[in-house]
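First the structure, in the form of structure tokens, and then the observations on it.
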Amino acid sequence: MASMARDTKIIRTVAATIVCLPLAACSAGSTVAGNSGGNTLQIGLTAEPANFDFTKTDGAAIPQALLYNVYENLVKLDQSGKIGPGLATSWSLSKDRRTYTFQLVKDARFSNGKPFTAEDAKFSVERVKSAWTVAQKSQMDVVDTVRAVSPTELRVTLKRPSNDWLYRMTTRLGAMFSRTGVSKLATEPVGTGPYAVKKWNRGDSITLVRRDDYWGREPHFASVTLKYFKDPTAMNNALLTGTINVIGAMQSPDTLYQFENNSKYKVIEGSTNGEVVLSLNNGSGPLRNPKARQAVRYAIDHKALMDTCWGGRGQLIGSMVPPTDPWYQNLTNLYPYDRGKAKKLLEESGEAGHALRLRIPTLPYATACGTVVKSQLEQAGFKVRLDQLEFPAAWLTTVFKNADYDMSIIGHVEPRDMQTVFGSKTSYTRYDNPEFRALLQKADEGTQKQQITYMRAAARLLSEDAAADWLFLLPNLMVADKDITGLPVNNVSESLDLTGLGRS
């Protein structure tokens, strides 16, 4: 195997910036696959990462590419949504439901050649609280102490019982980092996973290459390229011409017919965690007024909207819970489409004369649905100014970080994210309801039956408060060459898990 140069090599061209990463893998005997020949896969996606550091950069694009592929967790979700082994072969929970003891694999190594031990696991869990800055980090606040009992045993004690904590360890929060591999996370990810990042052609693609020294089961594909498209038609054409093998998330459902009627391809349709949210600013501007928010909800004809901007594909849900979660309930009847009631509430709110700023990211579902939302609200008497913000940088800064908006449209695809989006008054939605937060805590501390009861109550309260409007749930629409195997019917995790994909 030819090793790569340790120093980062940057080649600037007119079209793009290509970063050939040092892969850390070359520094201590770790190796990556050589010429993969035909054993390669190209996947078309939409949202490109801003960088590789999901500890400090919000958004779903980074864990989509890296989680379970480059970074591994102690535990992971399978395609059915069940928690199973990762870097931990087994674990136990104490009778008081506060202490988890994990037995770790013995021979895992990071791509920088360093062995993975309980000390790295301890470092990774504790670092969420000390160094992470993304919104999800608060979900690790329940951790009290972390102890490396031996190189292969980790003990985590919680401040109180938590139904949610082990599940969170399957997300980006549970990613395991090398104690010597976190200095350049934005450009040089170092993980224990079966793949390492070989090349990042900014604005175009990320190439992952299989590690020959991986501790676990070898994935089928020696090289996987994640290719990013801003234009849905261009992504469709790339599959039709053989440039890519998989459309990871179909962004033009009305064009599915050209694949459904073609024996060369297979179409996967299922569910996701992706609630397409019409975000409302509860903290400032006209929508701090509850009647104005209620008027917005009554003004939206969700079925017509989904038919118009997403080809009728998806599911109407009415709150922040997808049907794959145990506490799902259909809450669409809380605010049925009623333009007359919307007009009346808007007039009563006293906000009819204020224009609402609908600031949407440059993502296909948002731009497609934005004009429909604007039209429906204007028909109910609202004044709406629509503008688009480049995604991810401009939207994350303007809307997500600074809450400089009245309304936005975004697909929240992170699993079980009701608490992250609405559980803190500092969240970009600026929703501040102590009763809602109390329900979330009761759900987390109670029995599993109580968790379902309280989570359902929280989702209902959120919807009744018109904290946002839920346009629809994104479907898992994937199109692929017919010989690609292992594609998930339901997309239930943050990761685009490449480890189970193959070719028949």
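The values are calculated or read from the model by the stated rules, or taken from the named source; none is laboratory data. This is a predicted model, so every value here is computed, not measured. Cβ atoms come from the backbone with ideal geometry, glycine included; neighbour counts cover every protein chain shown. These area figures cover heavy atoms from the full protein model, side chains too; ligands, DNA and RNA do not enter into them. Shrake-Rupley method; radii C 1.70, N 1.55, O 1.52, S 1.80 Å.
Quick look at the values:
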item: Using θ = phi - 60° and Karplus 6.51 cos²θ - 1.76 cosθ + 1.60, couplings along the range 234-251 (whole Hz; Gly, Pro as x); result: 5, 5, 4, 5, 5, 6, 5, 9, x, 5, 10, 9, 9, 8, x, 8, 5, 9
item: Long-range amide H partners of Arg503 with built H, under 5 Å; result: Thr485
item: Nitroxide proxy distance, nm - points 7 Å out along Cα→Cβ at His354 and Asn261; result: 5.0
item: Between 0 and 90°, nearest 10: helix 434-445 axis offset from the chain longest Cα axis; result: 40
item: Residue-normalised accessible area of the range 69-174, given per residue in Å² at a 1.4 Å probe; result: 40
item: Gain upon complete extension [Ser504, Arg127; 0.36 nm per residue less C-alpha separation]; result: 131.6 nm
item: The range 258-299 residues near the modelled Asp432 label - backbone nitrogen below 12 Å, point 7 Å along Cα→Cβ; result: 282-284
item: Gyration tensor (alpha-carbon) shape descriptor, the chain, a/c threshold 1.5; result: oblate
item: Estimated vicinal HN-Hα couplings, Hz - the range 261-273 in sequence order (Karplus 6.51, -1.76, 1.60; Gly, Pro = x); result: 9, 10, 5, 6, 10, 10, 10, 9, 9, x, 10, 9, 8
item: Relative contact order (percent, whole number), the chain, Cα cutoff 8 Å, 6+ residue spacing; result: 20
item: The chain, accessible surface, carbon-and-sulfur percent (1.4 angstrom probe); result: 48
item: Normalised contact order of the range 353-489, rounded percent, pairs of Cα under 8 Å and 6 or more residues apart; result: 18
item: Arg217-Asn402 FRET efficiency (beta carbon distance; Förster radius 51 Å; 0.05 resolution); result: 0.70
item: Debye, to nearest 20: dipole size of the chain, +1 on Lys, Arg Cβ, -1 on Asp, Glu Cβ; result: 720
item: Hz values of 3J(HN,Hα) by residue in the range 419-428 - Karplus curve (6.51, -1.76, 1.60), Gly and Pro given as x; result: 5, 4, 7, 10, x, 9, 5, 8, 4, 5
item: Under-5 Å amide H pairs with Glu153, H placed in peptide plane, nonlocal only; result: Leu104, Ala118
item: Theoretical FRET efficiency, 1/(1+(r/R0)^6), r = Cβ-Cβ of Thr157 and Asn237, R0 45 Å, to 0.05; result: 0.25
item: Förster radius 25 Å - calculated FRET efficiency between Ser375 and Lys344 (Cβ-Cβ, nearest 0.05); result: 0.80
item: Per-peptide average of other Cβ atoms within 10 Å, ordering 331-343, 204-216 highest first; result: 204-216, 331-343
